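Shown next, in structure tokens, is the structure this report addresses.
The values are calculated or read from the model by the stated rules, or taken from the named source; none is laboratory data. Because the structure is a prediction, the values reported are computed rather than measured. We place every Cβ from the backbone using ideal geometry, glycine too, and count neighbours over all the protein chains shown. To get the accessible areas, we keep the full protein, side chains included, count just its heavy atoms, and leave off ligands, DNA and RNA. Shrake-Rupley method; radii C 1.70, N 1.55, O 1.52, S 1.80 Å.
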Amino acid sequence: MTEPPARPTQRDIARRAGVSTATVSYVLNGRRGGAKPPPEETRRRVLRAVAEVGYQVDHAGRSLRRRRTDLVALMYPAPSSPWSDRLVEQLQAGAAERGLGVVALPLGGAASGDAALRVLRERYVDGAVLLPDCGVDPAELARLAGRGLALVVFDDHLAPDGFDVVRQDRARACRAAVEHLVNSGHRRIAYLAHPGEDRWDTGRSVKLRGHRDVLAAHGIAADPGLVLPVADSRPAAYAAVRDLLLRPDPPTAVLSATDRAAIDAVWAARDHGVAVPEGLAVAGIGNIPEGLVITPALTTVGARELDFSREVARLFARLDATAPLPGEVMAAPWELIVRASA
């Protein structure tokens with residue numbers, strides 16, 4: 001029986017490219033520990049030798065030897081949003097510089113949440129960024145961090161416990177949006193909610209709670225018929241706002257848990273002859289770029305810029321550290337951004 005040909009090794013690549021095996025390892029595995037990168041011409045020569053000898057990285061074997069997976073994750077509530085898309089884009093760019101991959105872990109229900117946590121618990125990844133409303137128990141996060149998982153968690157209440165916490169002060173900013181509408185004279189303010197948001201715990205339902213709390217503080221009776229679970233579906237949001245405007249007592253303002261649904265509220269009003277903001281004031285939450293180009297520009301709540309480079313850099317600093325880093329709190333406050341739609 002003919003023996004199968006021996007698999008090429010990094011030593012074969014080094015010999016063919018005329019470089020050291022350390023240089024080959026650097027090019028294939030990415031930056032580690034602050035070592036100086038080789039010149040671009042050397043990197044190209046190594047990659048050309050890789051292709052010529054037919055070398056394939058054995059990721060499973062390498063992970064076992066190094067006790068690293070070279071993967072990081074982004075955990076976020078489904079569906080994705082423009083700002084979670086921007087975060088994963090920056091995460092992928094930083095990961096690519098280090099020869100790492102990125103895994104997306106969307107949470108769309110209990111089953112998906114269990115599967116995502118299993119990815120973290122069983123160390124399929126070396127680190128993760130968790131966006132707001134992922135609903136992971138703080139004790140679980142501390143256990144994961146204690147086992148060496150690098151974590152950056154977006155949460156307004158958690159104390160850092162072996163992981164870093166990004167505080168956005170979402171509740172204050174969301175209340176400010178409702179206050180702005182009330183102070184502008186609105187008393188019938190519809191709210192486009194995330195599906196199931198009324199059943200979320202108080203730590204997660206900051207948007208809906210802000211709507212209810214501000215109305216109560218001003219002595220405005222809440223109308224359950226003005227809270228509609230359509231913020232995650234643009235067609236559903238359009239249809240819901242259209243139906244609201246056909247009522248004998250329509251709302252004079254709409255606040256949406258997402259900018260995308262707020263934009264469709266603007267379209268629904270305009271398509272049915274209701275001027276924005278004169279006939280219906282509209283505000284969203286998220287500050288996505290689309291809100292700037294719609295007419296009228298969308299009043300919104302969120303970060304001024306979609307830039308998560310600091311948070312991404314912190315995750316990779318944790319991965320590169322030779323000793324555990326203390327947990328830090330990073331402030332990234334949301335704010336009310338008033339534009340023409342309200």
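Calculate the all-directions average of the projected area of segment 203-342's alpha-carbon convex hull, and give it in nm².
On the way: hull surface 42.3 nm².
Answer in nm², one decimal: 10.6.
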Tilt, helix 309-320 to longest principal axis of the chain (alpha-carbon atoms), in degrees rounded to tens, equals 30 degrees
Two pseudo-spin positions, 7 Å from Cα along C-beta at Arg212 and at Arg15, lie apart in nanometres by 7.2 nm
Here, GluC sites (Glu not before Pro) of segment 238-336 satisfying both criteria (DSSP loop; at most 15 other Cβ within 10 Å) are Glu278, Glu305, Glu328
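Over the residues of the chain, compute the C-alpha Rg and express it relative to 2.2 N^0.38 Å. Walk me through the numbers before you get to the answer.
Working: Rg = 24.9 Å, N = 342, 2.2 N^0.38 = 20.2 Å.
My calculation over the Cα atoms of the chain gives 1.23.
Over segment 90-227, what percent of the accessible surface lies on carbon and sulfur atoms, probe 1.4 Å? The partial results should precede the final answer.
Numbers: 2950 of 5950 Å².
Its accessible area is 50 percent carbon and sulfur atoms.
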Within segment 145-184, the residues whose backbone N lies under 18 Å from a label point placed 7 Å from the Cα of Asp320 along the Cα-to-Cβ direction are 150-152, 164
Note: Asp271 to Ala313 extended length (0.36 nm per residue) minus current alpha-carbon separation gives 10.7 nm
Simple SL model, points at 7 angstrom along Cα→Cβ for Ala104 and Ala297; separation in nm is 2.9 nm
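Expressed in nm to one decimal, what extension gain is obtained for the pair Arg48 and Asp161 from 0.36 nm per residue of sequence separation less their Cα-Cα distance? Don't skip to the answer; put the middle values down first.
Working: separation 113, 0.36 × 113 = 40.68 nm, distance 4.52 nm.
The span from Arg48 to Asp161 would gain 36.2 nm if fully extended.
For the chain, with every protein chain kept in place, what is the accessible area per residue (1.4 Å probe, Å²)? Let's see the in-between values first.
Values: 16530 Å² over 342 residues.
That works out to 48 Å² per residue.
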Under a 1.4 Å probe, counting only protein heavy atoms, Cys174 has an accessible area in Å², nearest 10, of 0 Å²
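Assuming 1.306 mPa s and 10 °C, estimate D for segment 110-212 with Stokes-Einstein, Rh taken as the Kirkwood radius over Cα pairs, in µm²/s. Intermediate results must be reported in sequence, preceding the final value.
Numbers: Rh = 15.5 Å.
Roughly 103 µm²/s, to the nearest whole number.
Using 0.36 nm times the number of residues separating Arg7 and Asn183, minus their current alpha carbon distance, what extension gain do you get?
Values: separation 176, 0.36 × 176 = 63.36 nm, distance 7.22 nm.
The span from Arg7 to Asn183 would gain 56.1 nm if fully extended.
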